[in-house]
1. Being of a type outside the set (Lys, Arg) and out of contact with any helix residue (DSSP H, G or I) (no Cβ under 7 Å at 6 or more places or on another chain): is that true of residue 178 here?
2. Check whether at least one residue in the range 226-237 is in contact with a helix residue (DSSP H, G or I) (Cβ under 7 Å, 6 or more places away or on another chain) and surrounded by fewer than 18 Cβ atoms within 10 Å (Cβ to Cβ), and report yes or no.
3. If I filter the range 244-255 down to residues being surrounded by fewer than 17 Cβ atoms within 10 Å (Cβ to Cβ) and not charged (D, E, K, R), which single residue comes out as nearest to residue 276 (Cα to Cα)?
4. Would you say residue 209 is out of contact with any Phe, Trp or Tyr (no Cβ under 6 Å at 6 or more places or on another chain) and within 26 Å of residue 26 (Cβ to Cβ)?
5. Quick test for you: out of 185, 142, 133, pick the one residue that is touching a helix residue (DSSP H, G or I) at 6+ places or on another chain (Cβ under 7 Å) and within 24 Å of residue 6 (Cβ to Cβ).
6. When both residues are 6+ apart or on different chains and their Cβ atoms are under 9 Å apart, which pairs have a first residue that lies in the range 8-24 and is touching a residue at least 24 places away in the same chain (Cβ under 8 Å), and a second that is within 11 Å of the ligand (Cβ to nearest atom) and among the polar types (S, T, N, Q)?
7. Restricting to the range 252-266, count the residues that are in contact (Cβ under 8 Å) with a residue 24 or more places away in the chain and farther than 20 Å from residue 2 by Cβ.
8. For residues that are in a helix (DSSP H, G or I) and over 18 Å from the mean Cα position of the chain (by Cα), scanning just the range 121-134, find the one that is nearest to the ligand (Cβ to nearest atom).
Amino acid sequence: MQMYMRFPEWRKKALTLSYDDNGEQNEKLVEILNRYGIKCTFNLNSGLFAQEGVAYEKNTLFRPMTAARWAKLLKGTPHEVAVHGLTHPHLEEMSPSSALYEILADRANLEGIFGRLVRGMAYPYGTYNDETVSAAKAAGIVYSRTVEYTEKFDVPADWLRLKATCWHTHPELLDLADRFKNKPVWDNAQLFYLWGHAYEFERDGNWNVLEDFCKLLSGSEEIWYATNIEVYDCVETYRRLQFSADSRTVYNPSALPAWLEIDGRRYKIEGGETKRLERG
Ligand SMILES: [Zn+2]
């Protein structure tokens, strides 16, 4: 028997983005992503938002936005807000309680500002150790991104040590995207996970890289465009499915539907549903 997780509507591929820090350049990033229908997770430091009325000198690269400007930017969009530490510290250098506070206070602030649950995170500087992972878990974080990359499209197995496919500065970014788009998928569902900082496009004068990437991967029936937490929830819904010993009956204890494929046949199991899987 060959059983595989699928993304919504049985899609076999998903694309998700993860961008860090509070900079103004994220307004342009959101404008581009919205134009292409691509979703992103924004990892924010709620202790480093700009004060109202701040003015930056010309040629300042790091220009944090105010909390109000961020709230306005993301209001009514499908993008996700996630934790990046209250003050962007090296969490692994702090005492466990200080690390926990950095994560939990950031989470509480972001939930207050944006009026939604915040369950995701990206480690500031991408650095962490086992205690950092424990602190994230204790703070109610379900996934956290590192800056390690795989150049592959595997669905993450260790969500609290999440590795990306690549950073957008990767010299073969478009080749990787092209490979992802054209790869026929018969078995495991595939994820392209891109990360970066919006200010890097301004610094490097290469917003065209993002445009080209979006042009290549947007508008495909085969790809699910999702935030990080949507990918997490879809995968975990599948992983929580309860099967009978003969795998012919399945119960979905989650609220979201589960999408799967068994021996080439597609099944959708609604949240709370017990289903007999008719098979050939
Ligand atoms: Zn950062």
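1. It is false that residue 178 is of a type outside the set (Lys, Arg) and out of contact with any helix residue (DSSP H, G or I) (no Cβ under 7 Å at 6 or more places or on another chain).
2. Looking for residues that are in contact with a helix residue (DSSP H, G or I) (Cβ under 7 Å, 6 or more places away or on another chain) and surrounded by fewer than 18 Cβ atoms within 10 Å (Cβ to Cβ), one finds none in the range 226-237, hence no.
3. 249
4. Taking the combined requirement at face value, the residue satisfies it.
5. From the options 185, 142, 133, the qualifying one is 142.
6. Listed by first residue and then by second, the contacts come to 18/43; 19/43; 20/43; 20/45; 21/43; 21/45; 22/45.
7. The total comes to 1.
8. Once the filter is applied, the top-ranked residue is 132.
Where a number appears in this text, it was derived from the coordinates with a stated rule and is not lab data. Source: prediction; values computed, not measured. All Cβ positions, even for glycine, are placed from backbone atoms using ideal geometry, and neighbour counts span all protein chains on display.
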